[in-house]
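The values are calculated or read from the model by the stated rules, or taken from the named source; none is laboratory data. Note that the coordinates shown come from a computational prediction; the quantities given were computed from them, not determined experimentally. Cβ coordinates were reconstructed from backbone atoms using ideal geometry, including for glycine residues, and neighbour counts include every protein chain displayed.
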Amino acid sequence: MILVGTADCEKEALQKIRSLKPEALVVDIKLREGNGLNVLAQLKWGEGDDAKPKIVVFTNYPRQEYLRNSKQLGADYFLDKSTQFSDLPKVLIGLSDEEQSGSLKT
């Protein structure tokens, strides 16, 4: 897995996602400017869209409404930084393995 970009505000995140077309996104809800859910809301993917990256929302704000909104906006995983921090590498490695095998585990 290769890190291809980082961003700490909505505008920069959208620009980089659209130009770099990553296979996976790790999105936080709170950004320096704006929030990650707004980023997801502004990205448009169709049902079964092959260009849609795998999305992991990784946040200190594990509220139910954020979980629900994340899923509605296409997130594949929702992880709480305070209790699931060590799960992030496992999820990302799993995403890499799924790409190779062609299956997604949720």
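What the table below lists for this structure:
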{"item": "Tally, over the stretch 6-36, of residues that are surrounded by fewer than 17 Cβ atoms within 10 Å (Cβ to Cβ), part of a helix (DSSP H, G or I) and in contact with a strand residue (DSSP E or B) (Cβ under 8 Å, 6 or more places away or on another chain)", "result": "1"}
{"item": "Condition broken by Leu43, with the remaining ones in (1) closer than 23 Å to Asp87 by Cβ; (2) at pLDDT below 95; (3) surrounded by 11 or more Cβ atoms within 10 Å (Cβ to Cβ) satisfied", "result": "(1)"}
{"item": "Flag if Phe58 is modelled with pLDDT of 95 or more and of a type in the set (Phe, Trp, Tyr)", "result": "yes"}
